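Enquirer: There's a structure below that I have some questions on.
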Amino acid sequence: MIENDKNQKDKINEELINTYEISYIFENKPLNRLKTKPTLEKKSDRLDQLKRKIEEIDDCELKSNAKNLVLYDGDFNSPVMIVGEGPGEKEDSLGKPFMGDAGQLLNKMLEAIKIDRKKIYITNVVNYRPPNNRKPEPKEINRYSNYLKEHISIIDPKILILMGSTAMESLFGSKIKISKERGSWKEVIINNKTYLTMITFHPAYLLRQADQKKYSWADLKELRKKIDQLNIML
């Protein structure tokens, strides 16, 4: 096409546009159709909402016998989330998970792989202390697993660590054994998102069965290796 033909075509197009009686502004820069970015609800607000839901639970033996709701400890922006079983006496008193002897061992385990407890996020399957520190019953695990799944979605960790059979059962069911499932990376889907997960022994179990610590140490080394592979900063 010669230059005159091009100019003539541009003139015709301009005249056609003008017939619609619409004001047009032509710019070289791309059009920004998203004038405002959607705002995401803050994690702290969502955690407060979750806490209220759990506080409103009715007909629960755990709740009726406990002093405090125990929701979490640590950094809710952490890429690593640990899930234990449930509060003990000290946790019930202080309102935070892993504060007793098992918590002290957990701290040492994390320190051994150069992780500061304050930089991870910790919670439990059940948020009220079971009477006499008994293991949560299957119906209790099932009931609270719904809140746990919401909890995981809120924190949205890159790595999820399930400590103990109760934590394992809450997301994978009761048909598997922790002795066979621990130490290997798995995937769990929650609200259409996949989370990289490892099952390992609970520190309270290790206090009773010291000979099993060697397996937990192997799991911890795998955790450290994965953290380094994913370039996670803690």
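What follows is calculated from the coordinates using simple rules that are stated; it is not laboratory data. These numbers were taken from a predicted model, which means no experiment stands behind them. Cβ placement follows ideal geometry from the backbone for every residue including glycine, while neighbour counts extend to all protein chains displayed.
Enquirer: Between Asp156 and Ser184, what is the spin-label point distance in nm, taking each point 7 Å from the Cα along the Cα→C-beta axis?
Expert: It works out to 3.1 nm between the two label points.
Enquirer: Okay, moving on. What is the range 50-113 by shape, rounded, prolate or oblate, if you read a ≥ b ≥ c off the alpha carbon gyration tensor as root eigenvalues and call it rounded for a/c under 1.5, prolate for a/b larger than b/c, and oblate otherwise?
Expert: Oblate shape, in that a/c is at least 1.5 and b/c is the bigger or equal ratio.
Enquirer: Starting from the Cα of Asp48, step 7 Å along the direction of its Cβ; do the same at Ile232; then give the gap between the two resulting points in nm.
Expert: Output for this residue pair reads 2.8 nm.
Enquirer: Shifting gears a bit: Could you tell me which of rounded, prolate or oblate describes the range 44-229, using a ≥ b ≥ c as the square roots of the eigenvalues of the alpha-carbon gyration tensor, with rounded for a/c under 1.5 and, failing that, prolate when a/b is larger than b/c and oblate otherwise? Can you show the working numbers first?
Expert: On the way: a/c = 1.43, a/b = 1.27, b/c = 1.12.
Rounded, since a/c falls under 1.5.
Enquirer: Given a cut-off of under 8 Å on Cα pairs at least six residues apart, what relative contact order in percent is computed for the range 160-234? It would help to have the intermediate numbers written out before the result.
Expert: Details: 75 pairs, mean separation 22.9, N = 75.
Normalised by residue count, the contact order of the range 160-234 is 31 percent.
Enquirer: Kindly write out, for the range 206-217 in residue order, the coupling ³J(HN,Hα) from the Karplus curve 6.51 cos²θ - 1.76 cosθ + 1.60 (θ = phi - 60°), rounded to whole Hz, with x marking Gly and Pro.
Expert: 3J(HN,Hα) across the range 206-217, in whole Hz: 5, 5, 8, 10, 4, 5, 8, 4, 4, 6, 5, 5.
Enquirer: How far apart, in nm, are the 7 Å Cα→Cβ label points at Ile113 and Gln209?
Expert: Distance between label points: 1.9 nm.
Enquirer: Here is a further query. Given 0.36 nm per residue, what is the gain on full extension from Asn146 to Glu41 after removing their alpha carbon distance, in nm?
Expert: Once the chain is fully extended between Asn146 and Glu41, it gains 35.8 nm.
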